[in-house]
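Everything on this sheet refers to the single structure shown next.
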Amino acid sequence: MDDKLRGEHDNKTIGLLLCRGKDEVIAQYALSGYDQPMGISNYQLNKAVPENLKSALPSIEEVEEELTSFLDKDTQK
């Protein structure tokens, strides 16, 4: 996010890095320059969300489509 959206006067991005799978190249790029301790975990959201809330969340395919659309717009600039 920092190299794409962060402005000159913005602080570095903090938050969660969600990965669909293990891809060391992407994770390394996303964490480049980060020198603070961090926790790493494997989390399965589909087991943590109550059944009555699952229908309110977008599907994995919908999230991927939105992210792809966002990245495609950014590369066209």
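Per-structure values
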quantity: Answer residue from the stretch 18-73, given it is of a type in the set (Val, Ile, Thr) and part of a loop (DSSP other than H, G, I, E, B) and is nearest to residue 3 (Cα to Cα) among those; calculated: 40
quantity: Test: residue 48 is among the small types (Gly, Ala, Ser), surrounded by 10 or more Cβ atoms within 10 Å (Cβ to Cβ) and modelled with pLDDT under 75; calculated: no
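The values are calculated or read from the model by the stated rules, or taken from the named source; none is laboratory data. Bear in mind the structure is a predicted one, so any value in this text is a computation, not a measurement. Note: ideal-geometry Cβ built from the backbone for every residue, glycine included; neighbour counts use all protein chains shown.
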